[in-house]
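Asks: Sending over a structure as structure tokens; questions will come in a sec.
Readers should treat all values here as calculations from the given coordinates under stated rules, not as data from a laboratory. Owing to the predicted nature of the structure, the values given are computational and were not obtained by experimental measurement. Positions of Cβ are backbone-derived with ideal geometry, glycine not excepted, and every protein chain shown enters the neighbour counts.
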Amino acid sequence: MQKIKPAPIISAVMIGVVLQVLFIFPDIKDTPSKAVIEFATAYFKVDASMADRLCDDRKVVNGVDTVEKYIQIKTEEAKDRGLSMFYLRDKLYSPRAETLKKDASSAEIRLTGEVKPPLKSFFTQEGYTQIDEVIAVINDNGKWKVCGKLFSLPGN
């Protein structure tokens, strides 16, 4: 019977750990593209976490909390249609963010992708919607936040 040598196994495990660490660091770094995709994903899911990626100027417009107002509008729309909010949540598929302009304090990101309701489209045969938006992003104390005209968020 042949003895198993631990050196190749230990080497493989060590290489795996090093690669894992190397892949984690780029994901931690905040970028304008990451901010836009996170905001858009939360926006189409009608998730209040979109406020985390929204600049202060867009959070409250004319004394109205835009995120709260948007969620209220979508909730009323669901209620009027006799549906749960679950059915009005959409999903952003294949998001692609292209940097058009960027400096240390601001950027313009072109977001493209497809938006469709995952479950509702199965039952109603509704298709998807192509999105192609240019979104302004600012660096707010080291965290990138979206600003400007944002889909149909109240206050646009």
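Asks: In debye to the nearest 20, how big a dipole does the chain give about its Cα centre with +1 on each Lys and Arg Cβ and -1 on each Asp and Glu Cβ? Can you show the working numbers first?
Replies: Details: 23 positive and 21 negative charges, 124 e Å.
Dipole of the chain, to the nearest 20 debye: 600 debye.
Asks: A follow-up question, please. Can you compute the modelled spin-label distance between residue 62 and residue 147, with each label point 7 Å from Cα toward Cβ, in nm?
Replies: 2.1 nm
Asks: What residues qualify as long-range amide H neighbours of residue 106, i.e. H under 5 Å apart, gap of 5 or more or another chain, H built at 1.01 Å from N?
Replies: Those lying under 5 Å, H to H, from residue 106 are 139.
Asks: By count of other Cβ within 10 Å, fewest leading, how are 80, 47 ordered? Don't skip to the answer; put the middle values down first.
Replies: On the way: 80 8, 47 14.
The order, fewest Cβ neighbours first, is 80, 47.
Asks: Moving on to the next point. So between residue 47 and residue 28, what do we pick up on full extension, going 0.36 nm a residue minus the alpha carbon distance? Write down the numbers at each step before the final one.
Replies: Values: separation 19, 0.36 × 19 = 6.84 nm, distance 2.18 nm.
Separation in residues times 0.36 nm, less the Cα-Cα distance, equals 4.7 nm.
Asks: Just to confirm the number: angle between the C-alpha axis of helix 6-28 and the first principal axis of the chain, 0 to 90 degrees, nearest 10?
Replies: Helix 6-28 and the main axis of the chain meet at about 20 degrees.
Asks: Then there's this: When averaged across all projection directions, what area in nm² does the alpha-carbon convex hull of the chain cover? Walk me through the numbers on the way to the answer.
Replies: Details: hull surface 60.0 nm².
Computed as one quarter of the Cα hull surface, the answer is 15.0 nm².
Asks: On to the next question. Between the helical axis of 32-44 and the dominant principal axis of the chain, each derived from Cα atoms, what acute angle in degrees is found, rounded to the nearest 10?
Replies: It works out to around 60 degrees.
Asks: Divide by every residue of the chain the summed helix terms, -39500 (n - 2.57) for each DSSP H run of at least 4, and state the resulting mean residue ellipticity at 222 nm, rounded to the nearest 500 deg cm²/dmol. Numbers along the way, then the final one.
Replies: Working: 5 runs with 60 residues, N = 156.
The per-residue figure over the chain is -12000 deg cm²/dmol.
Asks: Taking residue 79 as the anchor, which lysines have their alpha carbon closer than 30 Å to its alpha carbon, excluding any fewer than eight residues away along the same chain?
Replies: Within the straight-line cut-off, residue 79 pairs with 45, 59, 69, 91, 116, 120, 149.
Asks: Compute the acute angle (0 to 90°) between the alpha-carbon long axis of helix 66-80 and the principal axis of greatest extent of the alpha-carbon atoms of the chain; round to the nearest 10°.
Replies: 70 degrees
Asks: Which of 99, 41 comes first, and how do the rest follow, when ranked by fewest Cβ neighbours within 10 Å? Walk me through the numbers before you get to the answer.
Replies: Details: 99 14, 41 18.
Lowest to highest Cβ neighbour count: 99, 41.
Asks: Please arrange 85, 50, 14 by how many other C-beta atoms lie within 10 Å of their C-beta, fewest to most. Working shown, then result.
Replies: Details: 85 14, 50 24, 14 10.
If I rank by nearby Cβ atoms, fewest first, I get 14, 85, 50.
Asks: What fraction of the DSSP beta bridges in the stretch 30-147 is antiparallel, stated in percent and rounded to the nearest 5? Working shown, then result.
Replies: Numbers: 26 of 27 bridges.
Expressed as a percentage, antiparallel bridges in the stretch 30-147 total about 95.
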